[in-house]
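The values are calculated or read from the model by the stated rules, or taken from the named source; none is laboratory data. It should be emphasised that the depicted structure is a prediction, and the values quoted were computed from it without experimental measurement. Backbone-built Cβ (ideal geometry, glycine too); neighbour counts: all protein chains shown.
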């Protein structure tokens, strides 16, 4: 098993943390994993990419992910600004925080309204809903590689405050339950 | 215990396991999270150490040297412009023969401003007397940092050590890291040793003016320490391997290089991608391997001669350049292997430009073709331009 993912988010939105928690979760399951941020500069709001690799063998590569098996979009507005499908493998999938429940062009797309879920758990920092943990519920569901329990345990590892960890894990679990192929009923 | 850590946090964990007593640093991307983490550990009471806050990198190393001279295991970290600003004190530290460990988050040097990986900052310290290692991945970052204290404090060496880790590609990338138990590190790492200790009572002056003759002899003694470090680094790596199960090859990691006809030589994180390239090349029938430089100082000349003298060709990848000549690894290696084999230097990945396994493989295929056509190849510089500039007229781009 060897998977490469690319996360698309905005600076300050938590894409790096999302990929880090996913790596933690995979490692908790005895797998090998990486999360590689790619900043052009640390600007809040600017589009950022984060690369993720998960494998059952040690990972040697450190270059960027060019042909992901899956892309994860934290911010729906980005699909108008960035070619999020660039280099996606022919049978690759998209996992999108989507308010509209529509698939991306000719790609098997999983949708979840992570923004709504984050707000319902009061996961809002400086006016921004933090969707990065909710989206991981969707990643767990869509990929079937890392379990939602491991995501939950990794969230507990990531956040020093048990209350914050609890709210984030609850958001991930809600998203896990609500994620479906786009176009299916939410 | 397996933890999922960034390279920077792996450094901080290692410094904590080595029970450093003093750290002094000035923030600079991509190093900052190392000392942030240490500061947090001190604040939480997990690490009994003092953090000395200073106004610059020059002072950061001066404070670290002072603390070390006073008998403390001391540590600092920096990168890029911070390291260049510190450069003078690197000479003072090595010349004082005081053991110190410093992490360098290898980063490009402006202008234009660039925060991404390059080896120019680290390589720029080649001639200061410091021992200089560069790791490939996060586990090695932790292990090399712990080993660095033992190397630096070995009485045969007594020289400061740099642990290089690639900016962002390691510093900010998380990966699983096996973090040893404190008691195992305590058993393995001897108590601090150093040639002399400054105390309020001691009658020692540091950095005083000496006769030219004595100065000359002290320069000679640094070289003796560097030469001894070749043996010590190998010993320490073997001993660490026995204690913790991870041995990296001492000064040079030989990856499928023994039976190889052609060998790539490089250092840092992209060696992992080059290893993928070796798999691609071997499938195509090219017997390729890698000699990964783990320590550029002391320079592993003997090992490289022994491993490479009879190869059909050696392809060197430099992530830095000595303007007006060639990449520094190339110049070192071509002097070590003078006349022994075909050699080419490739300048790639400057300022964090991504280099893929396919790029390494294609460069090797091109080199092999040239060797097979010409019989004799000596190419100091081949530029591997960024992908977007490969099919354009370069004269127009740089005019």
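Taking region B:374-387, which residues are closer than 20 Å to residue B:339 by Cβ and out of contact with any helix residue (DSSP H, G or I) (no Cβ under 8 Å at 6 or more places or on another chain)? Result: B:374, B:375, B:376. Across region A:1-24, the qualifying residues are those that are crowded, with 21+ Cβ neighbours inside 10 Å, touching a strand residue (DSSP E or B) at 6+ places or on another chain (Cβ under 8 Å) and within 12 Å of another protein chain (Cβ to nearest Cβ), and the one among them that is modelled with the lowest pLDDT is A:16. Against the criterion of being at pLDDT below 95, under 22 Å from residue A:180 (Cα atoms) and surrounded by fewer than 18 Cβ atoms within 10 Å (Cβ to Cβ), residue A:42 does not qualify.
Where helices (runs of 4 or more DSSP H) fall wholly inside region B:103-200, the ranges with 3 or more residues that are in the same structural domain as residue B:16 (by TED's automatic domain parsing), touching a residue at least 60 places away in the same chain (Cβ under 8 Å) and over 13 Å from the mean Cα position of the chain (by Cα) are B:138-152, B:182-188. Return the residue satisfying two criteria in turn: it lies in region A:109-159 and is surrounded by fewer than 22 Cβ atoms within 10 Å (Cβ to Cβ) and within 12 Å of the chain's Cα centre (by Cα), and of such residues it is farthest from residue A:50 (Cα to Cα). Applying the filter and picking the extreme gives A:141. Exactly one of (1) more than 9 Å from chain B (Cβ to nearest Cβ); (2) in contact with a strand residue (DSSP E or B) (Cβ under 7 Å, 6 or more places away or on another chain) is unmet by residue A:44. Its number? Among (1) more than 9 Å from chain B (Cβ to nearest Cβ); (2) in contact with a strand residue (DSSP E or B) (Cβ under 7 Å, 6 or more places away or on another chain), the lone unmet condition for residue A:44 is (2). Taking strands (runs of 3 or more DSSP E) as the structural unit, those lying wholly within region A:1-63 and holding at least 2 residues that are out of contact with any helix residue (DSSP H, G or I) (no Cβ under 9 Å at 6 or more places or on another chain) and in contact (Cβ under 8 Å) with a residue 40 or more places away in the chain correspond to A:2-10.
Residue by residue, here is whether (1) within 14 Å of another protein chain (Cβ to nearest Cβ); (2) touching a strand residue (DSSP E or B) at 6+ places or on another chain (Cβ under 7 Å); (3) surrounded by 21 or more Cβ atoms within 10 Å (Cβ to Cβ) holds:
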{"position": "B:319", "(1), (2), (3)": "yes, no, yes"}
{"position": "B:322", "(1), (2), (3)": "no, no, no"}
{"position": "B:354", "(1), (2), (3)": "yes, no, no"}
{"position": "B:361", "(1), (2), (3)": "yes, no, yes"}
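Got at least one residue in region B:201-217 being without any contact (Cβ under 8 Å) to a residue 60 or more places away in the chain and touching a helix residue (DSSP H, G or I) at 6+ places or on another chain (Cβ under 8 Å)? Yes, region B:201-217 contains at least one residue that is without any contact (Cβ under 8 Å) to a residue 60 or more places away in the chain and touching a helix residue (DSSP H, G or I) at 6+ places or on another chain (Cβ under 8 Å).
Any residue at all in region B:266-275 that is closer than 19 Å to residue B:334 by Cα, assigned by TED's automatic domain parsing to the domain that holds residue B:327, modelled with pLDDT of 95 or more and in contact with a strand residue (DSSP E or B) (Cβ under 9 Å, 6 or more places away or on another chain)? Checked against the condition, which is being closer than 19 Å to residue B:334 by Cα, assigned by TED's automatic domain parsing to the domain that holds residue B:327, modelled with pLDDT of 95 or more and in contact with a strand residue (DSSP E or B) (Cβ under 9 Å, 6 or more places away or on another chain), region B:266-275 yields at least one hit.
I need a count of the residues in region B:153-170 that are touching a helix residue (DSSP H, G or I) at 6+ places or on another chain (Cβ under 9 Å) and more than 14 Å from chain A (Cβ to nearest Cβ). Spell out the reasoning first.
Of region B:153-170, the ones touching a helix residue (DSSP H, G or I) at 6+ places or on another chain (Cβ under 9 Å) are B:154, B:156-170.
Next, from what is left, pick out any that are more than 14 Å from chain A (Cβ to nearest Cβ): B:154, B:156-164.
Total satisfying the criteria: 10.
When B:93, B:173, B:76 are screened for being within 14 Å of chain A (Cβ to nearest Cβ), over 23 Å from residue B:265 (Cβ atoms) and surrounded by 24 or more Cβ atoms within 10 Å (Cβ to Cβ), only B:173 passes. Do we have residue B:245 as surrounded by fewer than 18 Cβ atoms within 10 Å (Cβ to Cβ), over 24 Å from residue B:160 (Cα atoms) and either assigned by TED's automatic domain parsing to the domain that holds residue B:272 or at pLDDT 95 or above (or both) here? It is true that residue B:245 is surrounded by fewer than 18 Cβ atoms within 10 Å (Cβ to Cβ), over 24 Å from residue B:160 (Cα atoms) and either assigned by TED's automatic domain parsing to the domain that holds residue B:272 or at pLDDT 95 or above (or both).
With the condition kept exactly as written, say whether any residue in region B:40-53 is within 14 Å of chain A (Cβ to nearest Cβ) and within 20 Å of the chain's Cα centre (by Cα). No, that holds for no residue.
With respect to the conditions (1) out of contact with any helix residue (DSSP H, G or I) (no Cβ under 9 Å at 6 or more places or on another chain); (2) buried (at least 17 other Cβ atoms within 10 Å of the Cβ), residue A:100 falls short on a single one, namely (2). Are any of the residues in region A:69-90 surrounded by fewer than 19 Cβ atoms within 10 Å (Cβ to Cβ), within 14 Å of another protein chain (Cβ to nearest Cβ) and on the phi > 0 side of the Ramachandran plot? Checked region A:69-90: at least one residue is surrounded by fewer than 19 Cβ atoms within 10 Å (Cβ to Cβ), within 14 Å of another protein chain (Cβ to nearest Cβ) and on the phi > 0 side of the Ramachandran plot.
Out of B:390, B:319, B:344, report the one residue that is free of Cβ contacts under 8 Å to residues at least 40 places away in the same chain and touching a helix residue (DSSP H, G or I) at 6+ places or on another chain (Cβ under 8 Å). Within the list B:390, B:319, B:344, the selection yields B:344. Being surrounded by fewer than 24 Cβ atoms within 10 Å (Cβ to Cβ) and within 14 Å of another protein chain (Cβ to nearest Cβ) is a property that holds for residue B:114.
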